[in-house]
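Notes for the one structure printed next.
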Amino acid sequence: MNKNTLSKIKREISNYLGKEVIIKADRGRRRSINKEGVLDKTYPSVFIVKIKDNGQDRILSFSYADLLTDTVKLKLKENRERIGVI
């Protein structure tokens with residue numbers, strides 16, 4: 001995994017802060033989550049998505065490497081454009 005590639009993914013994700021997204025995450029053993037939320041913050045190695053789950057606000061964090069390996073797929077809610085793919 002190239003450090004430069006992860007930097008590109010981070011820059012792209014940073015462009016969509018505050019936007020509504022759809023996130024699909026593979027949690028292993030036939031478990032996955034499909035949620036809608038808002039791309040909240042980016043940090044050096046993770047990004048944060050705020051979601052509403054059963055009426056409560058929750059925070060989910062994912063690494064940029066998850067996007068690179070397709071463990072997590074992130075799309076804009078408004079036009080279903082996939083982001084974080086290099």
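Each reported figure results from applying straightforward, stated rules to the coordinates on display, with no laboratory input. Since the structure is predicted, the reported quantities are computational estimates derived from the model, not experimental observations. Neighbour counts are summed over all protein chains in view; Cβ atoms, including those assigned to glycine, are modelled from backbone coordinates with ideal geometry.
Figures for the structure shown
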quantity: Inter-label distance, nm, simple model (7 Å from Cα along the C-beta direction), Val38/Asp53; calculated: 1.8 nm
quantity: Relative contact order, percent, the chain [alpha-carbon distance under 8 Å, six or more residues apart]; calculated: 29 percent
quantity: Helix 3-14 vs. the chain, principal-axis angle (Cα, 0 to 90°, nearest 10); calculated: 40 degrees
quantity: Lysines with Cα under 26 Å of Lys35, excluding same-chain neighbours fewer than 8 positions away; calculated: Lys8, Lys10, Lys19, Lys24, Lys50, Lys52, Lys73, Lys75, Lys77
quantity: Rotationally averaged projected area of the chain (alpha carbon convex hull; nm²); calculated: 5.7 nm²
quantity: Over the chain: helical MRE at 222 nm, DSSP H runs n ≥ 4 each giving -39500 (n - 2.57), nearest 500; calculated: -5500 deg cm²/dmol
